[in-house]
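Peer 1: The structure follows.
Where a number appears in this text, it was derived from the coordinates with a stated rule and is not lab data. Every value quoted in this text rests on a predicted model; they were computed, and no experiment measured them. Methodologically, a virtual Cβ is constructed for each residue, glycine included, from the backbone with ideal geometry; neighbour enumeration extends over all protein chains shown.
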Ligand SMILES: [Zn+2]
């Protein structure tokens, strides 16, 4: 049996297809980012995302096969994201994948997008081995997961309101830094002092692995409005750096505390916000202090991609979890709901 | 030539196998409680099995391209594109309203397929029934039912009504049409993949390569976000 899996991912605004060998080696990883199309709207517009997926998905699949130098006959199976995500966007990838798999008589597995992100670190770091703790942090999610084995997860905590990346987007909009907010705040913060303003860090004593970012977001909004009412300028770089520090500290502290509690040696950070330089730096410092190995995927595997879906799909296929013909998209799919 | 037709433009999922001028089989599932993602492939697999046809034997695919439910259209088109790509076979996209008019193209009549376009609008186009098929007389439109009255004014011809938008037409308009209105019986009122397949065959006779793999649904309506952005830009003037 060949070990090549074709992965397909359309859960948000990236149209992606990839071929991965043996769950670990990337043969191709094609990502069509729609960011420019959504920029005028200041965020992802679900209907536009779906419209662009249906236009581009098939050529991107072809490109993934061509770049990997494989034909349909070479594939062992296919993997597709079926949730969580935007339902209309998910359905495009799911329908294409089901038809391709049916027509080529290939086994198809449905992959949880969050599980996919966790596998981005398996792709980047061959020595990563469960059990470990993973922080999935992006525009849509802030989930702390105890990875016990392939396909075995224990959700330790998650955000109670905004995802971390969502807070970055909203604060960037208020500061006039544009969309997407993550890279914009990251860049602006480099010129600012992270101790300039003391924005709140939410403490959730009853749930030490949960997160809340609406408080810090509102604090930045209030800070901005109060200065505007008084006709005072704000130092955007200081605000960006101080906000970023507040978010990053909470992410790092809660994750490391969870890792210590779970008695693991490796921590794998993934998702779009894992590309943030301040987050990487603080994880590096505090991780070393705690004697933990901190792993990040390269930036290309932090964004939504299909290589991570193919990697996760490889192990799901080995476990025999085949998708039925009537597999539906599950927009609020959680890691525990399997 | 063996062609597989698909229609998921409305709540109805329909698949059909057509060979030349013959309908080999058709499956229709008019169950709005289930999504197309749940219905379409199981229904398709059942049809192929029942007809004793392997999917590799299909020579071409035809998909109902819209207008209709945006998500429904994309599920159908993504499925059709997937088949066409996997098997290197041509794909033909057929306007949904053309296929609906094809269900009942009585010569001499005015044919008016109506689909619920949400927010009080109807998708429609008007067709003249001819012996070899319906001939389209207007653009594909999304309009409030009242505006249809103008199209009905002319002549004494019967007006053939079909599609899931008939209920939105309103009593006043139906009363105005009086005896001229003919509401098609239920079975022919639904979008049917057999009509899509027959029209797909005709289109492929003219363009044997079919549509490119980047073909998009015929949306007719812009997304709400685009409409709002245009309004805002018109209000604020050029940047
Ligand atoms: Zn993601």
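Peer 1: Mind giving me the FRET efficiency for residue A:39 and residue A:198? R0 is 35 Å, r the Cβ-Cβ distance, nearest 0.05 is fine. Walk me through the numbers on the way to the answer.
Peer 2: Numbers: r = 32 Å, r/R0 = 0.92.
So the FRET efficiency works out to roughly 0.60.
Peer 1: Add -39500 (n - 2.57) for each DSSP H run of 4 or more in chain B, then divide by its residues: what number comes out at 222 nm, to the nearest 500 deg cm²/dmol?
Peer 2: Value at 222 nm, helices only, nearest 500: -10500 deg cm²/dmol.
Peer 1: Continuing with this model, one more query. Starting from the Cα of residue B:21, step 7 Å along the direction of its Cβ; do the same at residue B:224; then give the gap between the two resulting points in nm.
Peer 2: Here the modelled spin labels are 4.9 nm apart.
Peer 1: At a Förster radius of 22 Å, what calculated FRET efficiency corresponds to the Cβ-Cβ distance of residue B:2 and residue A:326, to the nearest 0.05? Intermediate results must be reported in sequence, preceding the final value.
Peer 2: Working: r = 25 Å, r/R0 = 1.14.
Efficiency for this residue pair is about 0.30.
Peer 1: Averaged over peptide B:207-220, how many Cβ atoms belonging to another chain are found within 10 Å of each residue's Cβ?
Peer 2: Working: counts 0, 0, 0, 0, 0, 2, 7, 6, 3, 5, 4, 0, 2, 0.
For this peptide, the per-residue mean of nearby foreign Cβ atoms is 2.
Peer 1: Here's a follow-up. Could you order peptides B:180-191, A:4-15 by the average number of other Cβ atoms within 10 Å of their residues, highest first? All intermediate terms of the calculation are to be shown ahead of the outcome.
Peer 2: Values: B:180-191: 15.9, A:4-15: 29.3.
Result, highest mean Cβ count within 10 Å first: A:4-15, B:180-191.
Peer 1: Sort the following peptides by mean Cβ neighbour count (other Cβ atoms within 10 Å, averaged over residues), highest first: B:47-54, A:121-128, A:57-64. Walk me through the numbers before you get to the answer.
Peer 2: Working: B:47-54: 14.5, A:121-128: 18.2, A:57-64: 22.4.
Top to bottom by mean Cβ count within 10 Å: A:57-64, A:121-128, B:47-54.
Peer 1: Just report the Cα centroid separation between the range A:202-279 and the range A:92-144, whole Å.
Peer 2: Between the Cα centre of the range A:202-279 and that of the range A:92-144, the gap is 26 Å.
Peer 1: Please report how far the C-alpha centroid of the range B:206-239 lies from that of the range B:25-46, rounded to the nearest whole angstrom.
Peer 2: Rounded to whole Å, the Cα centres lie 29 Å apart.
Peer 1: Here's something else I'd like to know. Quickly rank A:100-113, B:104-117 as a protection proxy: mean count of other C-beta atoms within 10 Å, highest first.
Peer 2: Descending packing order for the listed peptides: A:100-113, B:104-117.
Peer 1: For chain A, what is the calculated [θ] at 222 nm in deg cm²/dmol (nearest 500), taking -39500 (n - 2.57) for each run of four or more DSSP H residues and dividing by its residue count?
Peer 2: -14000 deg cm²/dmol
Peer 1: If you restrict to DSSP beta bridges whose two residues both lie in the range B:104-188, what percentage is antiparallel, to the nearest 5?
Peer 2: For the range B:104-188, the DSSP antiparallel bridge percentage is about 65.
Peer 1: While we're on this one: On average, how many beta carbons from a partner chain sit within 10 Å of the beta carbon of a residue in B:222-229? Could the numbers behind the result be given before it?
Peer 2: Details: counts 3, 8, 2, 9, 6, 0, 2, 3.
Across B:222-229, the average partner-chain Cβ count within 10 Å equals 4.
Peer 1: Hey, another quick one. Among DSSP beta bridges whose residues both lie in the protein assembly as shown, state the antiparallel percentage, nearest 5.
Peer 2: Approximately 60 percent, going by the DSSP bridge assignments.
Peer 1: Using only atoms on other chains, find how many Cβ atoms lie within 10 Å of each Cβ of peptide A:143-149 and report the average.
Peer 2: For peptide A:143-149, the averaged partner shielding equals 0.
Peer 1: For a Förster distance of 35 Å, can you work out the FRET efficiency between the beta-carbons of residue A:24 and residue A:190, rounded to the nearest 0.05?
Peer 2: Using R0 = 35 Å, I get an efficiency of 0.50.
Peer 1: So what is the relative contact order for chain A, in percent, with contacts set as C-alpha pairs under 8 Å and at least six apart?
Peer 2: Contact order relative to length: 26 percent.
Peer 1: Still on this structure, please answer the following. Grab every C-alpha pair in the protein assembly as shown, bin the distances at 20 angstrom width from 0 up to the longest one, and report whole percents.
Peer 2: 20, 45, 28, 7, 0
Peer 1: Run the numbers for residue B:171 and residue B:202: contour at 0.36 nm per residue of separation, minus the present Cα-Cα distance, in nm.
Peer 2: Result for the pair: 7.4 nm of gain on full extension.
Peer 1: If you line up the long axis of helix A:113-124 against the longest principal axis of chain A, both from Cα atoms, how many degrees apart are they, to the nearest 10?
Peer 2: 90
Peer 1: Each label point is 7 Å from the Cα along the Cα-to-Cβ direction; what then is the distance between the points at residue A:214 and residue A:173, in nm?
Peer 2: Here the answer is 1.5 nm between the modelled labels.
Peer 1: What nm value, rounded to one decimal, do you get for the distance between residue A:290 and residue B:132 when each label is placed 7 Å out toward the C-beta?
Peer 2: Inter-label distance under the simple model: 7.6 nm.
Peer 1: A further question follows. Suppose we keep just the DSSP beta bridges with both residues in the range A:115-255; what percent of those would be antiparallel, to 5?
Peer 2: That works out to approximately 90 percent antiparallel.
Peer 1: Additional query: Cα axis of helix A:277-290 to longest principal axis of chain A: angle in degrees, 0 to 90, nearest 10?
Peer 2: So the helix axis and the longest Cα principal axis differ by about 90 degrees.
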